[in-house]
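K.L.:
Submitted below is the structure of interest, expressed as structure tokens.
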Amino acid sequence: VSEIANSNKTPMISGTATSPKVTFSDGKRKPYVFRACYIDPFQGTIGANFAIKQLKAKTAAVLYDVGNDYSKGLAEYFKATFAKGGGNVVAYESYQKDDVDFSALITKVGMKKPEVIYVPDYYNKVALIAKQIREKGLKSALIGGDGWDSPELIKIAGNSIVGGSFTNHYSPDRKDPIADAFIKKYKEKFGNVPDALGALGYDSTVMLLKVLDNVKRPTQEEIMKALAAVKNFKGVTGSISFDKNGDAIKSAVILKVEKDGFKYLTTINP
């Protein structure tokens, strides 16, 4: 979509596309494309630093979907950062998107006795892998990315995922008047607390609306220039500015999985 939008000089803003290629590919910036979320390199780096600094881990295993650019990208950045920080990635194993039996893979990883296992995938696959990891008796701490963010994760994985940690774009527990107001209205309308995708969708929309309010002539080029100039926008997911590639400069949060939901641990600034 970003290729089509940019080639037609149509301003585009994504709430949730984390791949670096959305705004920059083939050595070129797509000037009409922006995003409200941080990108995968930032998320993978934060996950590795959390494992090293907070969990004091010296060894890690990485399990990722080889056919999924999101999973693959986070895995690569985690591996590079963990090694750079003095850690040892003792296992780096891939699987296919349709795989459901991970017993052979987990047995292989278990022989290396990693202190943490990084599983950068979406909640349904993560839940399946987590259950099989615990069934095999592995005690390794589990870490992941924003793909974990769904109440379905705990429903499917149960106690297997409790105690795991993951990087995310926001937490409803982070005390902030802008976030609190949005969460209140969202709960009134939909009956539940918004997840990160809902919050990011809201932030990207409000940013675009404010830009449209402020430009004198809402042409494609003027909207693009106004978006590029956004600095310190106060959103539900925190303060957002755009870098030279149209990527959001913003903080991330670390959440811990508990039996009744996700607990806010800390905020990591860029």
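K.L.:
Somewhere in region 236-247, is a residue of a type in the set (Gly, Ala, Ser), in a loop (DSSP other than H, G, I, E, B) and over 23 Å from Arg174 (Cα atoms)? Steps first, please.
P.N.:
Residues of region 236-247 of a type in the set (Gly, Ala, Ser): 238-239, 241, 246.
With in a loop (DSSP other than H, G, I, E, B) added as a condition, the list becomes 246.
Filter once more, so that each one left must be over 23 Å from Arg174 (Cα atoms): 246.
Checked region 236-247: at least one residue is of a type in the set (Gly, Ala, Ser), in a loop (DSSP other than H, G, I, E, B) and over 23 Å from Arg174 (Cα atoms).
K.L.:
Here is a follow-up. The conditions are (1) part of a loop (DSSP other than H, G, I, E, B); (2) closer than 20 Å to Ala51 by Cβ; (3) touching a helix residue (DSSP H, G or I) at 6+ places or on another chain (Cβ under 7 Å), and Thr167 fails exactly one of them. Which is it?
P.N.:
(1)
Per-residue answers, yes or no, for (1) of a type in the set (A, V, I, L, M, F, W, C); (2) without any contact (Cβ under 8 Å) to a residue 60 or more places away in the chain; (3) open to solvent by less than 70 Å² (accessible area, probe 1.4 Å); (4) outside any helix (DSSP H, G or I):
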{"residue": "Ala179", "(1), (2), (3), (4)": "yes, yes, yes, no"}
{"residue": "Glu188", "(1), (2), (3), (4)": "no, yes, no, no"}
{"residue": "Asn192", "(1), (2), (3), (4)": "no, yes, no, yes"}
{"residue": "Leu200", "(1), (2), (3), (4)": "yes, no, yes, no"}
{"residue": "Glu222", "(1), (2), (3), (4)": "no, yes, yes, no"}
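K.L.:
Also, quick follow-up: Tell me the residue from Asp121, Asp146 that is under 23 Å from Phe42 (Cα atoms), among the acidic types (Asp, Glu), in contact with an Asp or Glu (Cβ under 7 Å, 6 or more places away or on another chain) and surrounded by 22 or more Cβ atoms within 10 Å (Cβ to Cβ), please. Spell out the reasoning first.
P.N.:
Details: Asp146 fails: in contact with an Asp or Glu (Cβ under 7 Å, 6 or more places away or on another chain).
That would be Asp121, the only listed residue that is under 23 Å from Phe42 (Cα atoms), among the acidic types (Asp, Glu), in contact with an Asp or Glu (Cβ under 7 Å, 6 or more places away or on another chain) and surrounded by 22 or more Cβ atoms within 10 Å (Cβ to Cβ).
K.L.:
Give me the residue from region 29-44 that is open to solvent by 20 Å² or more (accessible area, probe 1.4 Å) and at pLDDT below 95 and, out of that set, nearest to Ala229 (Cα to Cα).
P.N.:
Ile39
K.L.:
Out of Val257, Val253, Val236, which single residue is in contact with a helix residue (DSSP H, G or I) (Cβ under 8 Å, 6 or more places away or on another chain), over 12 Å from Ala36 (Cα atoms) and of a type in the set (A, V, I, L, M, F, W, C)? Spell out the reasoning first.
P.N.:
Working: Val253 fails: in contact with a helix residue (DSSP H, G or I) (Cβ under 8 Å, 6 or more places away or on another chain); Val236 fails: over 12 Å from Ala36 (Cα atoms).
None of the other options fit; the residue is Val257.
K.L.:
Can you tell me which of (1) over 29 Å from Tyr118 (Cβ atoms); (2) open to solvent by 50 Å² or more (accessible area, probe 1.4 Å) is the one Ile183 doesn't meet?
P.N.:
Every listed condition holds for Ile183 apart from (2).
K.L.:
So, one more: Just to confirm my filter: which strands (runs of 3 or more DSSP E) fall fully inside region 30-117 and include at least 1 residues that are within 15 Å of Gly144 (Cα to Cα) and touching a residue at least 40 places away in the same chain (Cβ under 8 Å)?
P.N.:
Working: elements: 33-35, 59-65, 88-95.
Ranges flagged: 59-65.
K.L.:
Tally time: how many residues in region 202-220 are open to solvent by 100 Å² or more (accessible area, probe 1.4 Å) and not in a helix (DSSP H, G or I)?
P.N.:
Summing the residues that are open to solvent by 100 Å² or more (accessible area, probe 1.4 Å) and not in a helix (DSSP H, G or I) in region 202-220 gives 2.
K.L.:
Right, next: All but one of (1) touching a residue at least 24 places away in the same chain (Cβ under 8 Å); (2) out of contact with any Ser or Thr (no Cβ under 6 Å at 6 or more places or on another chain); (3) assigned to a helix (DSSP H, G or I); (4) of a type in the set (D, E, K, R) hold for Arg134, so report the exception by its number.
P.N.:
Against the list (1) touching a residue at least 24 places away in the same chain (Cβ under 8 Å); (2) out of contact with any Ser or Thr (no Cβ under 6 Å at 6 or more places or on another chain); (3) assigned to a helix (DSSP H, G or I); (4) of a type in the set (D, E, K, R), Arg134 comes up short only on (2).
The values are calculated or read from the model by the stated rules, or taken from the named source; none is laboratory data. Note that the structure is a prediction, hence the values are computed from the model and not measured. When we count neighbours, we look across all protein chains shown, and the Cβ atoms used for this are built from the backbone with ideal geometry, even at glycine. Note: accessible area is taken over every heavy atom of the protein model, side chains too, but ligands, DNA and RNA are not part of it. Shrake-Rupley method; radii C 1.70, N 1.55, O 1.52, S 1.80 Å.
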